[in-house]
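Presented below is the structure to which this report refers.
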Amino acid sequence: MGKTTIDWSWCPQCGKRGFHDEHDADKALGRAQAKRDRTFEKAPSRRGMVRESRAYECPDGLFHLTSESKQTFYRVMGVAA
């Protein structure tokens, strides 16, 4: 069982790691959550730690991971949900 990577590229507009389709973003989200959970298990408390909870599509068509809720995201972006 070897490690496989998920294809990504830097988003020119956001400056973040971007995944080319929703499937790759969901796969990366699952791996990120598992990695965070393993880190949380070793820590004495979870205080101040963030965990990616969803993926969203940016205007460039790439998908990014975020720990923000949809409600917070739309409020910051000034979009009515």
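The values are calculated or read from the model by the stated rules, or taken from the named source; none is laboratory data. Just so it is clear, the structure is predicted and the values come from calculations on it, not from any experiment. Note that we place each Cβ from the backbone using ideal geometry, even for glycine, and neighbour counts take in every protein chain shown. Ligands, DNA and RNA are excluded from the accessible area calculation, which covers all protein heavy atoms including side chains. Shrake-Rupley method; radii C 1.70, N 1.55, O 1.52, S 1.80 Å.
So here's what we get for this one:
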read-out	value
Pick from region 48-60, criterion open to solvent by 30 Å² or more (accessible area, probe 1.4 Å) and out of contact with any helix residue (DSSP H, G or I) (no Cβ under 9 Å at 6 or more places or on another chain), ranking: farthest from residue 21 (Cα to Cα)	48
Selection count, region 1-12, where residues are at pLDDT 90 or above and either open to solvent by 100 Å² or more (accessible area, probe 1.4 Å) or acidic (Asp, Glu) (or both)	3
Test set (1) in contact (Cβ under 8 Å) with a residue 24 or more places away in the chain; (2) outside any loop (DSSP other than H, G, I, E, B) - residue 6 fails condition number	(2)
